[in-house]
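*Asks:* Quick one: the structure is below, questions incoming.
The values are calculated or read from the model by the stated rules, or taken from the named source; none is laboratory data. Given the structure is predicted, the values throughout are model-derived calculations rather than measurements. Cβ atoms come from the backbone with ideal geometry, glycine included; neighbour counts cover every protein chain shown.
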Amino acid sequence: MKIEAVTLRELHMPLKHFFETSFGRTENRRVLLITAHCEGLEGWAECVAGEGPFFSSEWVETAWATTREFLAPLLIGQNIEWAKDSAALMARVRGHNMAKAALENALWDAEAKAKGQPLWKLLGGTRSEIDCGVSIGIQNSHEQLLEKIETELVAGYQRIKVKVKPGWDVDVLGKIRNRWPQILLSCDANSAYRPSDLDHLKKFDEFGLLMIEQPLWHDDILYHAKLQRELKTALCLDESVHHARDAATAIELGACRIINIKVGRVGGFSEAVAVHEVCERNKIPVWCGGMLETGIGRAHNIALSTLPNFQLPGDVSASQRYWEEDIVEPEIEVTKRGTILVSKAVGTGYAPRKDLINKLTIRKEVVRNRAATV
Ligand code: OSB
Ligand code: MG
């Protein structure tokens, strides 16, 4: 598969409803799409970097610049047999996992099309239906949050995850549990607490949560291990896991009992599969995280979620929760039992809507040159 060119596009898309975490509120997404052009085939992917360096140090501008200046030039002109071989070609660049992931994943999409196979099969997936949960941000009021939860439960979602931070935690969790004593419920702190909050965090044990996601620093593993020993509730790591070695370290130290895999955060499908394997070998269940993706990134999350150790419902939900109109055809839909039926079509089964994409594009650049200096 010869990599001839890479197209970068930035789209501006307003969310239907703002999404707030402990690190801030997002109302408008800056979406970075990557297209890999390989011998007449196009592979598409979405870079999940955010509008600012708050979830991780990457954001849209660093991803754009790093892709254009270094990563795309390292790939262009290369002839690779498998999409996964692209990871080694980009390895000289340190970090920038979300930028790398978009390029690698675009090549997986092209590879699936070249081989006439569904992407999920190529990844080693085994599920024909995946379980879906929702992630609900911090709201303007408790009432507004309870209403949102009600809506998602009626829609059929199997697990509710709420965002927490100091001042928006035990009261909120208490109210949710009062109203819905039995639902599968978890919370995500996005690194809002410190070890000195131990007594406060112990109160979370009352709520029978499935997990507490990333309570401590974004780059910590050791203190999560110390915290896990003090809590009954399972911890889940998100921000702290950037590759399979991080997952192995976390498991060996006892820093979590569950891991959230985001393909962007770990640098692409090949590393996501490696993290999945480490977890499977150690009997640590995983689930697929989300980054407010359009249908392009969402389709990739669906494919990844078909791997056997994705045992818990992911943050993979319907297009219409986020967008008035999604940029794929068909849009991503969730069944009444809170699942997504995995497409048997070649590639992802969700085609980019090019007319709409062009309409929403605010900048576009095609990189055709191989690396001169790197
Ligand atoms: O921590 O899982 C997170 C969104 C942006 C950044 C970080 C996170 C999230 C979500 C949203 O929780 C999940 C989704 O896409 O619905
Ligand atoms: Mg998270």
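*Asks:* Within region 217-234, identify whether any single residue is touching a residue at least 40 places away in the same chain (Cβ under 8 Å), within 16 Å of ligand 1 (Cβ to nearest atom) and within 16 Å of VAL286 (Cα to Cα), and answer yes or no.
*Replies:* No, there is no match, as no residue in region 217-234 is touching a residue at least 40 places away in the same chain (Cβ under 8 Å), within 16 Å of ligand 1 (Cβ to nearest atom) and within 16 Å of VAL286 (Cα to Cα).
*Asks:* Going residue by residue through region 78-88, is there one that turns out to be more than 16 Å from ligand 2 (Cβ to nearest atom), assigned by TED's automatic domain parsing to the domain that holds VAL342, surrounded by fewer than 16 Cβ atoms within 10 Å (Cβ to Cβ) and not in a helix (DSSP H, G or I)?
*Replies:* No, every residue in region 78-88 fails to be more than 16 Å from ligand 2 (Cβ to nearest atom), assigned by TED's automatic domain parsing to the domain that holds VAL342, surrounded by fewer than 16 Cβ atoms within 10 Å (Cβ to Cβ) and not in a helix (DSSP H, G or I).
*Asks:* Pairs only if they're at least six apart or on different chains, beta carbon under 9 angstrom, first in region 308-326 and on the phi < 0 side of the Ramachandran plot, second among the aromatic types (Phe, Trp, Tyr) and away from ligand 2 (no atom under 16 Å from the Cβ); list them, first residue then second.
*Replies:* What qualifies is PRO313/TYR157; SER317/TYR157; ASP326/TYR350.
*Asks:* Among the residues of region 109-118, is there at least one that is in contact with a helix residue (DSSP H, G or I) (Cβ under 6 Å, 6 or more places away or on another chain) and either of a type in the set (Gly, Ala, Ser) or not assigned by TED's automatic domain parsing to the domain that holds SER319 (or both)?
*Replies:* So far as region 109-118 goes, yes, one or more of its residues are in contact with a helix residue (DSSP H, G or I) (Cβ under 6 Å, 6 or more places away or on another chain) and either of a type in the set (Gly, Ala, Ser) or not assigned by TED's automatic domain parsing to the domain that holds SER319 (or both).
*Asks:* In region 231-238, is there at least one residue being small (Gly, Ala, Ser), within 16 Å of ligand 2 (Cβ to nearest atom) and touching a Lys or Arg at 6+ places or on another chain (Cβ under 6 Å)?
*Replies:* Yes.
*Asks:* Would you call CYS236 among the hydrophobic types (A, V, I, L, M, F, W, C), assigned to a strand (DSSP E or B) and either within 29 Å of ALA99 (Cα to Cα) or at pLDDT below 95 (or both)?
*Replies:* Criteria met by CYS236.
*Asks:* Among the strands (runs of 3 or more DSSP E) lying completely within region 97-191, list those that include at least 1 residues that are within 16 Å of ligand 2 (Cβ to nearest atom) and in contact with a Pro (Cβ under 8 Å, 6 or more places away or on another chain).
*Replies:* Output list reads 133-136, 159-163.
To keep it simple, each residue is scored yes or no on (1) closer than 26 Å to ARG368 by Cα; (2) in contact (Cβ under 8 Å) with a residue 24 or more places away in the chain; (3) assigned to a loop (DSSP other than H, G, I, E, B).
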{"residue": "ARG9", "(1), (2), (3)": "yes, yes, no"}
{"residue": "LEU15", "(1), (2), (3)": "no, yes, no"}
{"residue": "PHE18", "(1), (2), (3)": "no, yes, no"}
{"residue": "VAL31", "(1), (2), (3)": "yes, yes, no"}
{"residue": "THR35", "(1), (2), (3)": "yes, yes, no"}
{"residue": "GLU46", "(1), (2), (3)": "yes, yes, no"}
{"residue": "GLY52", "(1), (2), (3)": "no, yes, yes"}
{"residue": "PHE55", "(1), (2), (3)": "no, yes, yes"}
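*Asks:* Moving on. Out of the residues in region 256-295 meeting the condition of being at positive phi and in contact with a Phe, Trp or Tyr (Cβ under 9 Å, 6 or more places away or on another chain), tell me which one is surrounded by the most Cβ atoms within 10 Å (Cβ to Cβ).
*Replies:* GLY268
*Asks:* Hey, any hits in region 99-110 for a residue that's more than 23 Å from LYS262 (Cβ to Cβ) and out of contact with any Lys or Arg (no Cβ under 6 Å at 6 or more places or on another chain)?
*Replies:* Checked region 99-110: no residue is more than 23 Å from LYS262 (Cβ to Cβ) and out of contact with any Lys or Arg (no Cβ under 6 Å at 6 or more places or on another chain).
*Asks:* Within region 63-77, can one find any residue that is among the polar types (S, T, N, Q) and either closer than 21 Å to LYS115 by Cβ or loosely packed, with under 14 Cβ neighbours inside 10 Å (or both)?
*Replies:* no
Matching residues to (1) away from ligand 2 (no atom under 16 Å from the Cβ); (2) modelled with pLDDT of 95 or more; (3) under 25 Å from GLU111 (Cα atoms); (4) not small (Gly, Ala, Ser):
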position	(1), (2), (3), (4)
ILE261	no, yes, yes, yes
TRP287	no, yes, yes, yes
THR306	yes, yes, yes, yes
GLU324	yes, yes, no, yes
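Let's see how each residue does on (1) more than 16 Å from ligand 2 (Cβ to nearest atom); (2) of a type in the set (Gly, Ala, Ser); (3) not assigned by TED's automatic domain parsing to the domain that holds PHE310:
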| position | (1), (2), (3) |
| --- | --- |
| HIS242 | no, no, no |
| ARG245 | yes, no, no |
| GLU252 | yes, no, no |
| SER270 | yes, yes, no |
| VAL275 | no, no, no |
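*Asks:* Determine which member of the set ARG298, ARG321 is buried (at least 19 other Cβ atoms within 10 Å of the Cβ), under 15 Å from the mean Cα position of the chain (by Cα) and not aliphatic (A, V, I, L, M).
*Replies:* Result of the check over ARG298, ARG321: ARG298.
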